[in-house]
Every structure is written in C-alpha cells, then in structure tokens.
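Everything on this sheet refers to the single structure shown next.
The values are calculated or read from the model by the stated rules, or taken from the named source; none is laboratory data. Keep in mind it's a predicted model, so treat the numbers as computed, not measured. All Cβ positions, glycine included, derive from the backbone under ideal geometry; neighbour counts span all protein chains shown.
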C-alpha cells in the first residue's frame, strides 16, 4: 500500500519535472520565434535614441550576447531565482506585476468554482432523480445551450444588460479582497466592494462550468441510484431527500470533483477574456496589455507563470486524489 | 473496409460529459465502481471537447450491432432540430463563399459612410436607413462585414481543425499502431502540449508569430495562416489522444493480423486498415472542434491577437468596437449572436454524428 503510493508519487514527480523542463524550453523559444532581431522588434529603432538604455537592459535580460545554450541556461537560472524580466514601459519587475494580478485571478477562480458547484449539484441531483422526464430534458437542453455559449458573448451580454441597462452591478473596476494583501502588502481589503465587483465576472465564468459539472454528476448519479444499497435504503423507508443527499451524492461525486480540481488550473489561464471584458486587473488583463503593447518579455513571463501554476496544480490534484482514493494509483500504475 | 460490414461498428465509447447523456439505466460512468482512470485531464477543460483520450476508455471488443444498428442512410431519421442546424450551417457557408467570391454583393465591407457611423438597430444614434443591420463605428455596412467575416472565421476554424486532424490524427495512429517507445514519446509530447492552458498557448503562439506590431503588412505570414497554425497546434494533442486510443484498440484486431500475415507493410496497414476505422470516431468530433475553433478565433481577437484590420472576422468586429457596447450594442452583439448560433448548431450536429457512429449498450 505504502510503496504503491510512493511509486505513484515518484512517477508523477518525474513527469512533473519533465513537463516543467519542456515548458521552460517552449517559453524560451517563444521570444526567438519573433521575426528578425528580437530587441529591435520589441523596442523599434523608430522610437528614437532615448530608448538605448531600455534596449541595453533588454539585451541583458535576454542574454543575447551568449550562445543559444548559454541564453537558455541563464534564462532558467533567472526563472528559478524569480527573475521574470521587466516591463519596459514602467521599468517595474514583472514579478511585482504578478504579485498584484495573480490574487485577482485566484479569487475569481475560487468564486467561479463555488458558484458553479452550488448550482450544479442540486441541478444534477434533480436531473438524475427525474431522469427521462420533462424536468430532466429541460435541464439537459439548457445545459447544452450553455455549453455552446462562449464566455465572451455571455460577458458582453451581462455587462450590457445588468451593468449598463439595469445598473444593478458594476461591470468594471476592482477593489482588493481577502487574498490580495498576502501577495502585495500595500493592498487594503474592501470586502464589500470586492465581492460586488466580482459577482458578474464569477457568474460569467461559472455558467459554462455549471453545465459541465451538472452533466457529470447526473450520469454518475443515475448509475448510483441503480445500486443495491439505494434499494436497501428505500426498503428501510428512508426519505428520498435523505437518500439523494446523504447516500447517493458522495459516491457519485468523484468524477465531478476531479474535473473541478483539474479545472483550477484551467480557470486561472482560461479566465483571460472574462477579465479583459470586465476590466479586472488579473493575470488575463496583464497578458492582454502585454500583447497590446507587444511587450514580449513580459508576455513570456506570464505564460511561464500560468503554465507552471497549471502543471503544479494538476500535480497536486492528482496527488490528493491518489492519497484519498487507492483505486486511482492502482489504475494509473501499469502492471 | 470492415466499417461497412453490418455488424461491425466502431467500438463503444463512454458517454462524454459534453453531450452523450446516457439514458436511465445505461449507466453513465458506472458510478462508484467506475475505474478512476475514467477521469481524464482533457475532461477538465470545458472549453475543449470532453475528449475521451485513453485506451482504457475504449472497450477493445467491437460491439455487435442489433438489427437497427446497421448503416443508415445519411439524413434518415434526423429530427427537426438537426435539419435547422444543417440549414443554418449551409446558410453561413453560402453567405461566406458568396461574400468572398463577390458573386453576390451586400455592399463594400471597407467603404465607410460617415453619416451612418455607429448607427443601427437599438443604437443610441438611431437606425441607419438602407443598412438593415446598421454600420460599425466608422460607418461600414455591418451585413457586408459580417458576411466577409464569416469567411474569415470559417477559414480559420476549418483550417485549424484540418491541421489538428491531419497532424494529430496521423501522430495518434502512429503512436497507437507502433506502441512502445514511439507511443511513449508521442504521448509524452501530447501531454506536454496539454500542460499549458489551450487559450494561453494559442495566444502566445499568435502573438509571437505575428511579431511586428501595429501593421499587418509588415509580417511575413498572413494572419489567417498564423491563426490556423496556432489553433491547429493547440488541437493536435486533443485529436492525437483520441486517434491514438482508437488506433490502439483496432490494431489488436484480427484483420490487422491478417494483413500483416499477407506481408503488408506498416504504412499500408495504418492507411488501409486502421485509418478507415479510426476515421468515423474522428469525424464525429471534427464538428465540435470547428465550433470550438470559431469561439477560439473570437476569443483571440478580443485579446488582441486575431485577424488584424481592415480584414473583418467575427471576432475582430467585436474587438474593434467593444468600447461602443453601451451606445451601439448592435456592432458587438450581431457577430456575437452569429458565433453563438454557429457554435450551437455545430455542437448539436456533432452530437448527432457522434450518436450515429456509436452503438449504445442498450442497443446490444
């Protein structure tokens, strides 16, 4: 049992290191994909001689005077020490910008997950309990439409209707919440304003997830309800409500919770467009600004941060499930 | 081609969370007893297809079809919704082709009429006579731009999915057929590509490939090509894992052994024996893939890395005039609605195709 778990963790750790290595190569090569001399593309000569200092800084950041292997080496060492380059318009280190924007994205992701699970679980249970009825097909049809609804369309629609026409909720702006102060000490929490600002973005992000989670829970739940222990519970005279919530929900929720866990990583990067439309100063907004100003080194750093977060979060989720559920480590270790 | 023999159908796949909602009793993921490996990373991304990606999910034995499980004629037994979806797609494709070839003109998509700027249905500036759907912020006719934008959006999405299917599908078949070291390397490559969020990967690829700022004329590659490449590369691992799993199960069948015994080379077996069998499963996800690629084009455009003006695409029409959401909502919502309806139609048709190529357990 122990060795099985340890072997699983060791395998996953090796995989983690390999993936991180390839991610570092990939992001390193991104800058080299730029046509022509990267320094010239990033800070064109047309901008005048006063940019010579920035250009020199950029050359140092990129290590362009070294061989390709040497450049990669200094890039990786820099990453490991937390040097993510500079934003050339302001001279700020990118790591500071990450400290400001990452908590925004993290909180958005957490709210979206909470909202989607709060809605998906009752709906999934209801659809499974009434499987094959009109209620079920109504829930299914609407979840089908929600799945096809792009995030940005919903974001634009909600900010137009709720924000601009009805004036119920703010559609832009951000006040620091409970997480920001841990990353950037100068932020002071304004929880009420923060939560109000976050409602629309979180709901937008949650809608697509509701459909996904609901469907997963529904199909697992239908299977669970065929089990003998459910028949037994019914025979004992336990109420339907209690059977559904106390007996059937837990064994049915494994798939849904795993997908939710893996979504943690996806939502951090996948929320870009939502952050941009609602003007939230998260990672997505920073990426957008970096693209707009063609600040390539900055962009490269954000890609690194998101990719590493994504890989590490997925590793942790896998790890957690392997600890919680022995079947996973057995299933994923080839005989 | 064994696929055409009644009684042989593509292997049963598990109902995906995306659409294959199992009826009561068919069991879904099998509840508490389900092997935990049913949980795959690719199901985690709702914006991607819920691809079933591993050999473990495929039951190697083909399921014998019941009397009604044989081949049906195309179009037989389609419901009204499916016909509406088909009609919608035909309409969009027709408009796009007509706009691009110029056979029918709805006006010049680049001609700006100052008096019409930002006007349109529901706009604060009032409606624009002579322009049914109004004009954009600099007075260009929306119908002309949406029609040409349809071409650009379809070109990018169909092109990207073609790239993903040719490369991803090919690599997947190679990985599934050869197994061993080849499989380890290719599957590892797929996993690495999947380890960066798809939209971030596509965004980075387009931003860096487009290179030179501001001006589209300065870049070496046309925008549609860069977008096809970026979205195509992102879709390679998703498609690759499906075709690998499918090829893996088919390559263990007797007809492959028979072909090998007759002296067929690996290349011939992969193309003549495996490809026809893997193709149906692949085709059924192609439509969903195109839907996702259309949405991806829109997303990338809003993020500032789409097709660059003056060429219109559905995405960049939204991106250009997003600031006018309050005063001229029609500019933003017309392409949005087109994207949504097209994605919905393709999703639905993808679902129809998938259930056609599958035999439900209840059909045994």
Filter pass, residue A:243 being buried (at least 17 other Cβ atoms within 10 Å of the Cβ), within 29 Å of residue A:146 (Cβ to Cβ) and over 31 Å from the mean Cα position of the chain (by Cα): yes
In segment A:217-226, which residue that is in a helix (DSSP H, G or I) and touching a helix residue (DSSP H, G or I) at 6+ places or on another chain (Cβ under 7 Å) is farthest from the other protein chains (Cβ to nearest Cβ)? A:217
Can you tell me which residues in segment A:292-307 are within 9 Å of chain B (Cβ to nearest Cβ) and either surrounded by fewer than 24 Cβ atoms within 10 Å (Cβ to Cβ) or modelled with pLDDT of 80 or more (or both)? A:292, A:293, A:294, A:299, A:300, A:302, A:303, A:306, A:307
Pull up segment A:80-97, narrow it to residues that are in a helix (DSSP H, G or I) and surrounded by 20 or more Cβ atoms within 10 Å (Cβ to Cβ), then point me to the one that is modelled with the lowest pLDDT. A:94
Being part of a helix (DSSP H, G or I) and touching a residue at least 12 places away in the same chain (Cβ under 8 Å) is the requirement here; does residue A:232 meet it? no
Can you tell me which of B:180, B:169, B:188 is under 15 Å from residue B:236 (Cβ atoms), surrounded by fewer than 19 Cβ atoms within 10 Å (Cβ to Cβ) and modelled with pLDDT of 80 or more? B:188
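Tell me whether segment B:253-270 contains one or more residues that are part of a helix (DSSP H, G or I), crowded, with 23+ Cβ neighbours inside 10 Å and in contact with a helix residue (DSSP H, G or I) (Cβ under 8 Å, 6 or more places away or on another chain).
no
For every residue, the table says whether it meets (1) within 28 Å of the chain's Cα centre (by Cα); (2) within 9 Å of chain B (Cβ to nearest Cβ); (3) free of Cβ contacts under 8 Å to residues at least 60 places away in the same chain; (4) surrounded by fewer than 17 Cβ atoms within 10 Å (Cβ to Cβ).
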| site | (1), (2), (3), (4) |
| --- | --- |
| A:122 | yes, no, yes, yes |
| A:129 | no, no, no, no |
| A:135 | no, no, yes, yes |
| A:139 | yes, no, no, no |
| A:144 | yes, yes, no, no |
| A:149 | yes, yes, yes, no |
| A:152 | yes, yes, no, no |
| A:157 | yes, yes, yes, no |
| A:160 | yes, yes, yes, no |
Within segment B:292-335, restricting to residues that are facing chain A (nearest Cβ under 7 Å) and part of a loop (DSSP other than H, G, I, E, B), the one that is surrounded by the fewest Cβ atoms within 10 Å (Cβ to Cβ) is B:326
Check off (1) in contact (Cβ under 8 Å) with a residue 40 or more places away in the chain; (2) under 30 Å from residue B:226 (Cβ atoms) for residue B:302 and give me the number that stays unchecked. (1)
Output the number of the condition that residue B:351 fails; it satisfies all remaining conditions of (1) facing chain A (nearest Cβ under 9 Å); (2) buried (at least 24 other Cβ atoms within 10 Å of the Cβ); (3) in a helix (DSSP H, G or I). (2)
So residue A:214 clears everything in (1) assigned to a helix (DSSP H, G or I); (2) closer than 13 Å to residue A:108 by Cα except one condition, right? Which one? (2)
Return the only residue of A:310, A:288, A:315 being within 29 Å of residue A:255 (Cβ to Cβ), facing another protein chain (nearest Cβ under 8 Å), modelled with pLDDT of 80 or more and in a helix (DSSP H, G or I). A:310
